[in-house]
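Right, one structure below, let's go through it.
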Protein chains: 2
Amino acid sequence: MNGAESLVRTLLCSGVDTCFANPGTSEMHFVAALDRIAGMHCILGLFEGVVTGAADGYARMAGKPAATLLHCGPGLANGLANLHNARRGDVPIVNLVGDQATYHRPLDALLTADTEGLARSVSRWTRTARHAYDVGADAAEAVQAARAAPGGVATLILPSDVCWSEGGVVAAPPPETSPKPVEEDVVRDVAALLRSGAPTLLLIGGAALRAQPLADAHKIAAGTGARLLAPTFSTRIERGRGRFPIERLPYPVESAIDALSGIEHLVLVGATEPVAFFAYPGKPGLLHPADAVVHVLARPQEDVAGALAMLAELVGAPAALPAVAPASAQIARGPITPHAVAATLASLLPEDAVVIDESLTFGFPFFPGTKDAAPHDWLQLTGGAIGDGLPLSTGAAVASPGRRVVNLQADGSALYTLQALWTQARERLDVTTVILSNRAYAILIAEMANVGASIGKTAQGMFHLGDPDLDWVRLAQGFGVEAARADTMESFAGLFRTANSHAGPFLIELVLP
Amino acid sequence: MNGAESLVRTLLCSGVDTCFANPGTSEMHFVAALDRIAGMHCILGLFEGVVTGAADGYARMAGKPAATLLHCGPGLANGLANLHNARRGDVPIVNLVGDQATYHRPLDALLTADTEGLARSVSRWTRTARHAYDVGADAAEAVQAARAAPGGVATLILPSDVCWSEGGVVAAPPPETSPKPVEEDVVRDVAALLRSGAPTLLLIGGAALRAQPLADAHKIAAGTGARLLAPTFSTRIERGRGRFPIERLPYPVESAIDALSGIEHLVLVGATEPVAFFAYPGKPGLLHPADAVVHVLARPQEDVAGALAMLAELVGAPAALPAVAPASAQIARGPITPHAVAATLASLLPEDAVVIDESLTFGFPFFPGTKDAAPHDWLQLTGGAIGDGLPLSTGAAVASPGRRVVNLQADGSALYTLQALWTQARERLDVTTVILSNRAYAILIAEMANVGASIGKTAQGMFHLGDPDLDWVRLAQGFGVEAARADTMESFAGLFRTANSHAGPFLIELVLP
């Protein structure tokens, strides 16, 4: 057995059975091993950012890592932005990077680069395999490192000779581990704080944004008067009718400061201290009141849901689900506005949908506006590196057969990784992409105002995507995805219904005024 | 004057007057400065790989660096693959990366990444600006570092507060420097070697691939019987009718070894020792005979052209230009083959064209087949990170008004950075893109054979781009570029003529059998 075969077999027996790939020459023995060994679902991406973003989306929905397959330092570089997003979202990925043979590296052939250095910038665990007889064990360690709570990117670099040499040994699958429980004393301290009645906010992130821990959080709020918020950007939130809702910390600095004003205690529940996304002249970086005391109920790597359950038992009271407005009457007509689109989404979102939200500026009302939609998961851009909506949708759909993926997608961001559409077509994935076509980097127009500058001719050219306008219908069709344009709310509603019942991917270009 | 203004003014007075940009929030003050100060030609790319590849193409033709403008670590990451290519091609780029404010970085906001670490992997010079009053001087140093022979990537990271703070000082432009002359003794030693009559090959790269030094190289060959070769991949070769031709070292390992067999002395002229692009089981990494003696006439950072001129004076004899076959009769008909396409290109290439060659496997005959075409420049992928053909074309066209850019482009590679088409449309650049549409990573099919593996079902899925086929005409039109499909040699010839006389970009999808 060569190194590549031991690698594939170890991954399979560790439960990693899906591989998003954009291979090159140095990965040929890995591909050959995949040919010989059944069981790995291999999915080709036409660009590495598609591969890594899809692995992110897959793991968020599958609850376990996929493998990637990338080619040398520059191939890894192309996938780094979406690995950065996965890192910030605590998403497990077994990131495999083929590379120059160990003995060939010193010759510094043209494609040679600092693969390890690049990998370290996004990985919690990085290793270059050295011997065929070790690579199985390396793979098992990579799986373990990726899965350890709360999840992260583990990069295993595979010199080609390590893969083609004989002597591979299949490693035992790593043990399944649970996140570390929170000490009871810590929970009791937070319970005492909450009972004191001081103005307190629970910032709830990570694993606590599933339905059960959110129900526990609402019990805590009902029992103590504490307020609840989720971070601005989250990996996965279970929500919709019949589930307890949660608001998110707003993105604009002023709104975030307002949302946190008046609190004396901030309790972090699987979340980190909230800070401004960027610095702005004369505005603070920390968003909570300077004199608020910060407490930690549970760190992201701890059993966040268990800590909330324990806390609810100590201080909770029964919480009532909020009343739900009847949705069917709300399909919006008239001008295309963010709120109108939100209303249509709320009415027509399919049961059990997976929403991928990279809607940015136009989409601010989408999250609050859809809290009473049919039950769904809401997945966001977690690291700020725009261009992961289409890949996330692709991977989420691979992991969620039978569920509709709905991608609410800003046009400027979509352009970074639009090649994902082809993978959606090839894999016949049930993805509805809604391109919010405002033909601008609208967020930059807002940010230019935030920094106090006016917009002149050069800035116009840098922020507007027109001249020529992008034709998303043709772009989608070029990748083999059916597509249509909506320029009224009525046509959007019709197309959104059509798309969601369409077998395979469908793209709607929603032309914004 | 704030830091951003001092930066823009320093760049302008240093001769850097073109900026390829994909800005974000942290670059708003730089964009605002560009609004206030006339003279910088700003060109938007929809993806950072387009920006960095275009800066590469621009510098190759302009003979001076452009600036880039990228956004934080992940934005830089998206541009790294083409910066890797520029690094390997010794191409000057002033790589500007906006980033978190100095005082905001410790808060580790979501988009914060190891920007300096990422930059170092591709840069010969990396600095993070610290103060508004220094940033002008930093910019001048970056320009100097990028330009120093043979050219390279200089990365200046710009925390947003450094840009917005007052106190900026415009720096004096850095002095123009010439590459260091080669010592006369070194040239005399090589002359003595050549006079000895021992089988010797001059491997000629970098700045020696322009018309005059190539003429000198042919004089040396005529006077001594030495053989001449260029590296497999080069930054820019001046060639075509009326110029002295040069062959390139073949890409396949066996062919490269054959090409170098029998030589006893290898003289490097602005080139590095030739090594295999990848290692293959049982094949050597060094391509020249193990007992050949390697000499250096000139290192890439030295005056390579001057050294050749001096050597030609010492040992050269008049060299005759080879006879040119009449080209007009050679427009190929019949089946679409690499040689047929080469013949059509040789006949129809416009006078003074700039050819961007990322044609890979199908294009092996293009270079030899076009040696008698109208005079032109030939630019290649220099670092093996596929996906720089469309961006290179974009930048080369910006730098070469009045000349037609002809991009001979493999389809799989084109997909990495296809967003460049939009920039070509917006800037109305005279680029003819010929997509060699074989719907496969054909090079990997060949490489799979090279490593001795057969192609099974999984490999088929990873190497073939069909199911669904990409429709390049729609993709181009989606980006605002006129396009048409050719599926015979006759229609290709017609479209190639049309495209080359078309104002602005035109894409031909040449459907390969």
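Which chain B residue sits with its beta carbon nearest the axis carrying B onto A, and how many Å away is it, rounded to a whole number?
That would be B:Arg474, 2.
Once you order the gyration tensor axes a ≥ b ≥ c over the Cα atoms, which shape class does the stretch A:227-346 get: rounded for a/c under 1.5, otherwise prolate or oblate by comparing a/b with b/c?
Note, shape of the stretch A:227-346 comes out oblate.
Per-residue mean of other chain beta-carbon atoms within 10 angstrom of the beta-carbon, peptide B:414-427?
Across the residues of B:414-427, the mean count of other-chain Cβ atoms within 10 Å is 3.
What is the gain in length, in nm to one decimal, between B:Asp17 and B:Asp467 on full extension, counting 0.36 nm per residue of separation less the C-alpha to C-alpha distance? Working shown, then result.
Working: separation 450, 0.36 × 450 = 162.00 nm, distance 4.47 nm.
Value of the extension gain: 157.5 nm.
So what's the net charge close to A:Gln301: Lys and Arg +1, Asp and Glu -1, counting the other residues with Cβ under 15 Å from its Cβ? Walk me through the intermediate numbers first.
Values: positive: A:Arg87, A:Arg88, A:Arg124, A:Arg147, A:Lys180, A:Arg299; negative: A:Asp90, A:Glu183, A:Glu302, A:Asp303.
The answer is +2.
Consider all pairwise Cα distances in chain A and report the whole-number % of them above 35 Å. Walk me through the numbers on the way to the answer.
Details: 49078 of 131328 pairs.
Tail fraction, whole percent: 37.
Copy-to-copy spacing for A:Thr177, label 7 Å out on the Cα-to-C-beta vector, in nm, shortest first?
5.1
Between the label point of A:Glu351 and that of the same position in each other copy, find the distances and list them shortest first in nm, with every label point placed 7 Å from Cα along the Cα-to-C-beta direction.
7.3
Note the distances from B:His502 to each other copy's matching label point, with points 7 Å along the Cα-to-beta-carbon direction, in nm, sorted shortest first.
B:His502 label point versus its equivalents elsewhere: 2.7 nm.
Search the structure for amide H atoms under 5 Å from the amide H of A:Val355, placed 1.01 Å from N in the peptide plane, and list their residues when 5 or more places away or on another chain.
A:Asp377, A:Trp378, A:Leu379, A:Val406
Using r as the Cβ-Cβ distance of B:Ala449 and B:Glu264, and R0 as 30 Å, what FRET efficiency do you calculate, to the nearest 0.05? Write down the numbers at each step before the final one.
Working: r = 33 Å, r/R0 = 1.09.
My answer for the efficiency is 0.35.
What number do you get for the stretch B:4-68 when its Cα radius of gyration is normalised by 2.2 N^0.38 Å, N = residues? Write down the numbers at each step before the final one.
Working: Rg = 11.4 Å, N = 65, 2.2 N^0.38 = 10.7 Å.
Dividing the Cα Rg of the stretch B:4-68 by 2.2 N^0.38 Å gives 1.06.
In debye, nearest 20, what is the charge dipole magnitude of chain B about its Cα centre with +1 on Lys and Arg Cβ and -1 on Asp and Glu Cβ, if you could check?
In debye, rounded to 20, chain B gives about 680.
Rounded, prolate or oblate: pick one for the stretch B:323-402, where a ≥ b ≥ c are the square roots of the eigenvalues of its C-alpha gyration tensor, a/c under 1.5 means rounded, and failing that, prolate if a/b is larger than b/c, else oblate.
Numbers: a/c = 2.24, a/b = 1.38, b/c = 1.62.
Verdict is oblate for the stretch B:323-402.
Considering only DSSP beta bridges with both partners in chain A, what is the antiparallel share in %, to the nearest 5?
Working: 6 of 71 bridges.
Percent antiparallel among DSSP bridges in chain A is about 10.
Set the Förster radius R0 to 41 Å, insert the Cβ-Cβ distance between A:Arg36 and B:Val293 as r into 1/(1 + (r/R0)^6), and round the FRET efficiency to 0.05.
Values: r = 45 Å, r/R0 = 1.10.
Efficiency at R0 = 41 Å is approximately 0.35.
In square nanometres, what is the average projected area of the Cα convex hull of the stretch A:150-252?
Numbers: hull surface 46.5 nm².
Projected over every direction and averaged, the Cα hull of the stretch A:150-252 covers 11.6 nm².
Search the structure for amide H atoms under 5 Å from the amide H of A:Val153, placed 1.01 Å from N in the peptide plane, and list their residues when 5 or more places away or on another chain.
A:Ile93, A:Arg124
If Rh is defined by the Kirkwood formula over all Cα pairs and Rg also comes from Cα, what ratio Rg/Rh do you get for the protein assembly as shown? Provide the component values of the computation, followed by the final result.
Values: Rg = 29.3 Å, Rh = 29.7 Å.
That ratio equals 0.99.
On a C-alpha basis, how far is the centre of the stretch A:284-338 from the centre of the stretch A:360-410 in Å? Whole number, if you could?
The distance from the Cα centre of the stretch A:284-338 to that of the stretch A:360-410 comes to 18 Å.
Averaged over peptide B:38-51, how many Cβ atoms belonging to another chain are found within 10 Å of each residue's Cβ? Spell out each step's value before the answer.
Values: counts 2, 0, 1, 1, 5, 2, 8, 1, 9, 7, 3, 5, 1, 0.
Average per residue, whole number: 3.
Mind giving me the FRET efficiency for B:Ala222 and B:Ala172? R0 is 51 Å, r the Cβ-Cβ distance, nearest 0.05 is fine.
Details: r = 47 Å, r/R0 = 0.92.
Plugging the Cβ-Cβ distance into 1/(1 + (r/R0)^6) gives 0.65.
Over the alpha-carbon set of the stretch A:313-468, divide Rg by the Kirkwood Rh and report the Rg/Rh ratio to two decimals. Mind dumping the intermediate values first?
Numbers: Rg = 17.9 Å, Rh = 17.3 Å.
Rounded to two decimals, Rg over Rh is 1.04.
Mind ranking A:46-53, B:244-251, A:383-390 by how tightly packed they are, going by the mean number of other C-beta atoms within 10 angstrom, highest first?
Details: A:46-53: 31.4, B:244-251: 18.4, A:383-390: 28.8.
Packing proxy ranking, top to bottom: A:46-53, A:383-390, B:244-251.
At 7 Å along Cα-to-Cβ for each site, give me the label-to-label distance between A:Ala317 and B:Val324 in nm.
9.3
Could you pull out the chymotrypsin sites (Phe, Trp or Tyr not before Pro) across the stretch B:92-148 that fall in loop regions by DSSP (anything but H, G, I, E, B) with no more than 16 other Cβ atoms inside 10 Å? Spell out each step's value before the answer.
Details: sites: B:Tyr103, B:Trp125, B:Tyr133; in loops: B:Tyr103.
Within the stretch B:92-148, the qualifying chymotrypsin sites (Phe, Trp or Tyr not before Pro) (loop, at most 16 other Cβ atoms within 10 Å) are B:Tyr103.
Taking a label point 7 Å from the Cα of B:Ala503 along the Cα→Cβ vector, which residues of the stretch B:426-470 have an amide N closer than 13 Å to it?
Taking a point 7 Å out along Cα→Cβ of B:Ala503, the residues of the stretch B:426-470 whose backbone N falls under 13 Å are B:428-430.
What ³J(HN,Hα) values, in whole Hz, does the Karplus curve 6.51 cos²θ - 1.76 cosθ + 1.60 give for the stretch A:460-475 when θ = phi - 60°, with x put for Gly and Pro?
With coefficients 6.51, -1.76 and 1.60, one gets 3, x, 7, 9, 9, 9, x, 6, x, 5, 7, 10, 5, 5, 5, 4 Hz.
State the Kirkwood hydrodynamic radius of the stretch A:28-178 in Å, one decimal place, computed from all pairs of distinct Cα atoms.
On the way: mean 1/r = 0.0649 Å⁻¹.
Final number for the Kirkwood radius of the stretch A:28-178 is 15.4 Å.
Need one number: buried accessible surface between chains B and A, 1.4 Å probe, both sides summed, DNA, RNA and ligands left out, in Å² to 100. Walk me through the intermediate numbers first.
Values: alone 20370 and 20320 Å², together 33010 Å².
Using a 1.4 Å probe on protein heavy atoms, the buried area is about 7700 Å².
Using the Kirkwood radius over Cα pairs, work out the Stokes-Einstein diffusion coefficient for the stretch B:397-513 at 10 °C and 1.306 mPa s, in µm²/s as a whole number.
Details: Rh = 15.2 Å.
Translational D for this selection: 105 µm²/s.
The values are calculated or read from the model by the stated rules, or taken from the named source; none is laboratory data. Just so you know, these numbers come straight off a predicted model, no measurement behind them. Quick reminder, even Gly has a Cβ in these numbers, built from the backbone with ideal geometry, and neighbours come from all protein chains shown. For accessibility, only protein heavy atoms count, side chains too; no ligands or nucleic acids. Shrake-Rupley method; radii C 1.70, N 1.55, O 1.52, S 1.80 Å.
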